[in-house]
Amino acid sequence: MQVIRDDGSLDPKLDPGLSIDEVVALYKAMVRTRIVDDRLERTQRQGRIAFHVGSLGEEAAIVGAAAALRDRDWIVPCYREVGALLWRGYPLQQYVDHMYGNAGDPVRGRQMPDHTFSRAKRYLAVSAPIGTQIPHAVGLAMAIKKRELDECVGVFFGDGATSSNDFHAAMNFAGVFQPPVLFLCRNNGFAISLPVERQTATRTLAEKAAAYRIPAARVDGNDALAVVAAVREGVQRAANGGGPTFIELLTYRLGGHSTSDDPTVYRSDEEVEAWRNNDPLPRLRKHIERCKVWSDELDADWRAVCEREVKECVRHAEEKPASELSAMFTDVYAELPWHLREQQAQALRGPRAGAEEGES
Amino acid sequence: MQVIRDDGSLDPKLDPGLSIDEVVALYKAMVRTRIVDDRLERTQRQGRIAFHVGSLGEEAAIVGAAAALRDRDWIVPCYREVGALLWRGYPLQQYVDHMYGNAGDPVRGRQMPDHTFSRAKRYLAVSAPIGTQIPHAVGLAMAIKKRELDECVGVFFGDGATSSNDFHAAMNFAGVFQPPVLFLCRNNGFAISLPVERQTATRTLAEKAAAYRIPAARVDGNDALAVVAAVREGVQRAANGGGPTFIELLTYRLGGHSTSDDPTVYRSDEEVEAWRNNDPLPRLRKHIERCKVWSDELDADWRAVCEREVKECVRHAEEKPASELSAMFTDVYAELPWHLREQQAQALRGPRAGAEEGES
Amino acid sequence: MTEMNLVQAIQSALRGALREDENVLLMGEDIGALGGVFRVTQGLREEFGPDRVLDAPLSETGILGTAIGMALHGLRPVSEIQFADFIFPGFDQLVSEAAKYRYRTAGEFHVPMVVRTPYGGGIRGGQYHSQSPEALFIHTPGLKVVCPSNPYDAKGLLLDAIADDDPVLFFEPKRVYRAVKMEVPETTYRVPLGEAKVVRPGEKITCLAWGAMLYEAFAAAEEVAEQGVDVEVIDLRTLWPLDLETIVSSVKKTGRVVIVHEAPRTCGFGGELVALIVEHAFLYLEAPPVRVTGWDTPFPLTHEREYLPLAHRIVPALLETAGY
Amino acid sequence: MTEMNLVQAIQSALRGALREDENVLLMGEDIGALGGVFRVTQGLREEFGPDRVLDAPLSETGILGTAIGMALHGLRPVSEIQFADFIFPGFDQLVSEAAKYRYRTAGEFHVPMVVRTPYGGGIRGGQYHSQSPEALFIHTPGLKVVCPSNPYDAKGLLLDAIADDDPVLFFEPKRVYRAVKMEVPETTYRVPLGEAKVVRPGEKITCLAWGAMLYEAFAAAEEVAEQGVDVEVIDLRTLWPLDLETIVSSVKKTGRVVIVHEAPRTCGFGGELVALIVEHAFLYLEAPPVRVTGWDTPFPLTHEREYLPLAHRIVPALLETAGY
Ligand SMILES: Cc1ncc(C[n+]2csc(CCOP(=O)(O)OP(=O)(O)O)c2C)c(N)n1
Ligand SMILES: Cc1ncc(C[n+]2csc(CCOP(=O)(O)OP(=O)(O)O)c2C)c(N)n1
Ligand SMILES: [Mg+2]
Ligand SMILES: [Mg+2]
């Protein structure tokens, strides 16, 4: 499924009918996500943050899906979807603070970079184990159904995650219990180094949904408006009591798996180049330029705004002290039990407590 | 798919072409399995064995599949397939000894009844956790492929097992690595009390195979010859390097889930009655009677032979002493490590060692 | 007050919780029409409907994973795992997700769920219907682990676990399910997590046990009492977080310890208890703490009574410890 | 002899096993073209082909479950789990199947497989790239658990593990992967499982450690030596079955014990070691055995160095124990 044609015009039969302001907002959010990504990757290369896992090339799939969900809907992320969280207005400073694990980090330095969450934004917590979030999304949606609320859940995961235990369990439960959940499968071609062709024998991932009797769509995940259209249809189905929807978002991971990865070892430059020509940003830009609401100048201005913003955030983040040592012991349980109180006291009177962090 | 027609004649297009002697042998094995089952169930009701999980109504699916596999092929059982093991000539006495956990029990009283295995018969070990055997079968088949042997693997599991982690992993690996394995899914309508309609949303289980690009068949599992035909086709495919096959054997569990179960709580007598009229034994019998190689008299004789045989085995089993206490500690590892030597010694000099087993 | 066995007391707790809190919901294999393989949930589907008593497909990953999702939305799911032996396919959801959700969101999200599961030997269940995996969960920060021994405690502890805002593993001694009866109130009273109970005061040895083995410890204590050895038996009730105070003050009094559990000895909870006692009461110890446990083998069938640390194995340990 | 780091030594063991035994085969996520995320298998797919170095789909259940099947047919699969934290989705296959297959077939079938996995902290991996779950496997009868600390031992132990007829969990200290180099023979020599090694003889305290923490224990021992405290450091190497003899004879000499491990304290292997020592050398103990371990929290990120039982935390424990 594809909505934006090569010349930037839209296929009228599939056009989700966003206002042009909405489309521009979507484009701007995608650009902002890319710029934040770029900056964090450079910051990592300079050794100022430890790690980053980005969404280069997948912005349409991520921000487009977020744009199609309603504010009251829940997002259950994998780990590349901070663009969806920023779309919902999550403060960029807070995200960058998290990347630094500093005193402003909402998770108090307990997690690797890019492990975001926000109750206010109805955005569940990133978790490293692949696939585990998918049953959470189904359970969330089962709760919504039980409570008869007009909400739904969109859960992101990758092509690799379709091999997980959790994918199978979650899809099957969704088929059986029919809760309002959208399975948003970012097929970006790889699970680290494993190409999707060796991840599974099927030709598409969408066809897996039939094994659970869940309706499925396969869309051009680099076409932001196609993503919006498909996800809106899923939201509609969920809202009408039609249960789950599976959407394969066909895209490509232009960057490495994470800053720890070297993708040149397992894929060719030509392949990457071909996909670079299918970059979701220029594709959407072509459309708004054709509509005469966007221009080189506006583009440059917006990029500059985003650059400044993220640089500022990085600067602030670097000024903040590290997260507190005592925070290591809280939130294991609602209340601190005796053994953690003891251990906390022990750690705090340790010889290095309060000292600067060395390199590990 | 169905081969035996209502009048006992065969559909010539689907007939697997067994010799009439082979068909009679198949029928006799199915009857023998049923008689062994009946006897063990009664024995359990008398409190002389602790537990039994039978195959009442599923004999065609089990023995038929075993008959279609070659001697050099491996069988990976779930727990209802002792009929397949007996088909291969496993000594009935040994099975009954196992049911008693006596000194003749091949697993030395370490397992619940019906946890059989036999290296000689290329029959892997029954395990209680649902689904875990399915990846074993795929690994076994991967080893066969790597070693370029002309063997294949048939793995049994139930409808409930299709929801397991292991099913998903095993099917996906089979799709990717294309080893010679047959997935023999006994759809007997229930996972204990859960009807298959609430186990999964799909209308058939066979359609799940498409999610892994594995060819599938759905056959009347109460038609022994249909089972033979479908499994033979799968063996053929495997032997020709065509990789895995999924076969849904549509049948019905006429008895309880096990001797611990009370099926009247969750299903109607009418439903059971309807399936009783579809019993695989009379269906196959009709065919051999039509062929004039079987009669009431032959049937009664064979049943009497089987009854005598199993009674004898039970009698012998009851005469044997319990398995040895010292066997509790061996086979944890290839060799007995110091801690188990210590523990074994401790147990053996315990006050109750050697005493008669009380009721637990 | 009604006389109840363990199954009835647990059912009474579930019924009370379902009645009083719309957010409570049950899910598990065969818990609906069948009422669970041990009949703990019998009648609940009829009373509360299939939306609150859910028959789950055969997937522990699904049961536990979706329960986490429900809890994140504010429900209080109580999952049943048919046998503790079958918790392992869903292990990842418990140790990687339920246990860490609060920590990794600095308290913004939490997972108020209970996982009920019958554990232990005594019903001739062999390798896969007899195991006692509590140590694996005690080793996992973020989980609470409860194991009642009697109907009264079971009901009160289960109600407290359901009200608790953290994930709780609730191990039910299947050997005791129908073996013990006592008076249990109809009300939804609570027994707070984290409190052990001295069930038999004594001066000479402290004997720690829980669940089904509590009765064996007690029986052994009674037996050695006739030989003049006065044993204090403590029912831990909540395994983690542990009521260390009750244990340590008992050990400071007796100086001798015997610990009983069904799980294999090595790396079982008994080892941790020994270590804690040594750390907190070393100078009071007059004999080495002794463990009477399941052996380090898979759980066997025929010799189940020789595998389990029943009274006949506890008695000599008590006598030796007393005479050390 | 060549100078190798831990990654190279493990690779050398794998290469040797692949060359010498046609039945050996590797499987894991990203171990092919990428050579594994830590590059341990780099070049092996090129040398031995994709039929002997298999890139697995993203399923630990599949990786471990099919490895069991291969082993049942007589192959000797060596599986890689990308991080020990990700072993849990496949946990059931290890504890329910690999561990029990020999026992439940009275030896008719067995499962000669090795599961290699990087464990522990030190690379800023946070909650899910830092855990040390060894205790869970030590608690499971039927599994062997190995954890080398240096390149020489790693190669020899891995070769012995591959030749072993039982399933072996092989935990690789990722913190040490490139940090330590030493001379390692090119031959396929073996270091037998089940033997601990005294890496620093001493008279005053016995300090037990393994894997990455061995270096911390050693550094702490050196530091307190300057204050006249003579510590015997023992590298356990094989965690289970344990070389208890070496430990007990050391403790009988020193009377004092400090145990170091990264995993959370509660129900960690340290507790078991304390219990075993108390059981076997109670009358020799002059001070309570002390555990210096990871805290009972999920593994944190920023304060990793305060979480880990590094030398700065071991030193005071040694001094206190010496002065007890
Ligand atoms: C259970 C588990 N196994 C292995 C890993 C290591 N790992 C991290 S990301 C990844 C690949 C994920 O691929 P995919 O699902 O396609 O998501 P993508 O990174 O492409 O967005 C792997 C194998 C993990 N995090 N969890
Ligand atoms: C992992 C796991 N969960 C639960 C159980 C309990 N249990 C035993 S048999 C069974 C139903 C199996 O149904 P199915 O796969 O259809 O096989 P059938 O008994 O019908 O042949 C269940 C839930 C189990 N053995 N293993
Ligand atoms: Mg991917
Ligand atoms: Mg079934």
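Observations
- Modelled label positions at residue C:283 and residue C:46, each set 7 Å beyond Cα in the direction of Cβ, lie 6.4 nm from each other.
- Average beta-carbon neighbours from other chains, 10 Å sphere, peptide B:262-268: 2
- Shape of region C:197-322, Cα gyration tensor, a/c cut at 1.5: oblate
- Rounded FRET efficiency, nearest 0.05, which uses the C-beta distance separating residue B:71 from residue B:292 and R0 of 25 Å: 0.25
- For the segment A:200-212, counting C-beta atoms of other chains within 10 Å of every residue's C-beta and taking the mean gives 5.
- Here is the list for region A:1-32: trypsin sites (Lys or Arg not before Pro) lying in DSSP coil, each with at most 14 other C-beta atoms within 10 angstrom of its C-beta, are A:5, A:13.
- Chain D: relative contact order as a whole-number percent, Cα under 8 Å and 6+ apart: 16 percent
- Plainly put, the tip 7 Å out from Cα toward Cβ on residue D:283 is 2.3 nm from that tip on each other copy, the closest given first.
- Over all other residues within a Cβ to Cβ distance under 13 Å of residue A:271, the charged ones net out to -1, with Lys and Arg as +1 and Asp and Glu as -1.
- Close amide H contacts of residue C:240 (hydrogens built in the peptide plane, cut-off under 5 Å, sequence separation of 5 or more or a different chain): C:145.
- Chain A: relative contact order as a whole-number percent, Cα under 8 Å and 6+ apart: 23 percent
- Derived scalar couplings ³J(HN,Hα) [region A:112-124; Karplus, 6.51 cos²θ - 1.76 cosθ + 1.60; whole Hz; x for Gly, Pro]: 4, x, 6, 9, 8, 5, 6, 5, 4, 8, 6, 10, 5
- Using a 7 Å projection from Cα along Cα-to-Cβ, the label point at residue C:201 is separated from the same position in the remaining copies by 5.5 nm, smallest value first.
- In chain A, the calculated helix contribution to ellipticity at 222 nm averages -13500 deg cm²/dmol per residue, counting -39,500 (n - 2.57) for every DSSP H run with n ≥ 4.
- The lysines whose alpha-carbon is closer than 23 Å to the alpha-carbon of residue A:320, local same-chain residues fewer than 8 away aside, are A:311.
- In nm, spacing of pseudo-spin labels at residue A:119 and residue C:195 (7 Å Cα→C-beta vector): 2.8 nm
- Cα gyration tensor shape for chain C, rounded if a/c is under 1.5, else prolate or oblate: prolate
- Chain lengthening between residue C:230 and residue C:324 when straightened (0.36 nm per residue, less Cα-Cα): 32.4 nm
- Under 29 Å from residue B:13, Cα to Cα: lysines that are on another chain or at least 8 residues apart: B:28, B:208, B:286, B:292
- Taking amide H as placed 1.01 Å from N in the peptide plane, residue C:172 has its amide H under 5 Å from the amide H of C:117, C:119, each at least 5 places away in sequence or on another chain.
- Segment residue A:342-residue A:262, length gained on full extension (0.36 nm per residue, minus Cα span): 24.4 nm
- In this structure, the amide hydrogen of residue C:261, modeled 1.01 Å from its nitrogen in the peptide plane, lies closer than 5 angstrom to those of C:292, C:293, C:294, counting only residues at least 5 positions away or on a different chain.
- FRET efficiency, residue B:270 to residue C:187 (Cβ-Cβ, R0 45 Å, nearest 0.05): 0.55
- The phi-based Karplus calculation (6.51 cos²θ - 1.76 cosθ + 1.60; θ = phi - 60°) puts the 3J(HN,Hα) values of region C:13-26 at 5, 5, 4, x, 5, 5, 5, 8, 10, 4, 7, 7, 8, 10 Hz, whole numbers, x for Gly and Pro.
- Remark: label point of residue B:47 defined 7 Å out from Cα along the Cα-Cβ vector; separations to the same position in other copies 7.8 nm, ascending.
- In nm, spacing of pseudo-spin labels at residue B:20 and residue A:239 (7 Å Cα→C-beta vector): 7.0 nm
Read-outs: derived from the displayed coordinates by stated rules, not from any lab. Given the structure is predicted, the values throughout are model-derived calculations rather than measurements. Every residue, glycine among them, receives a Cβ derived from its backbone with ideal geometry; neighbour counts consider all protein chains shown.
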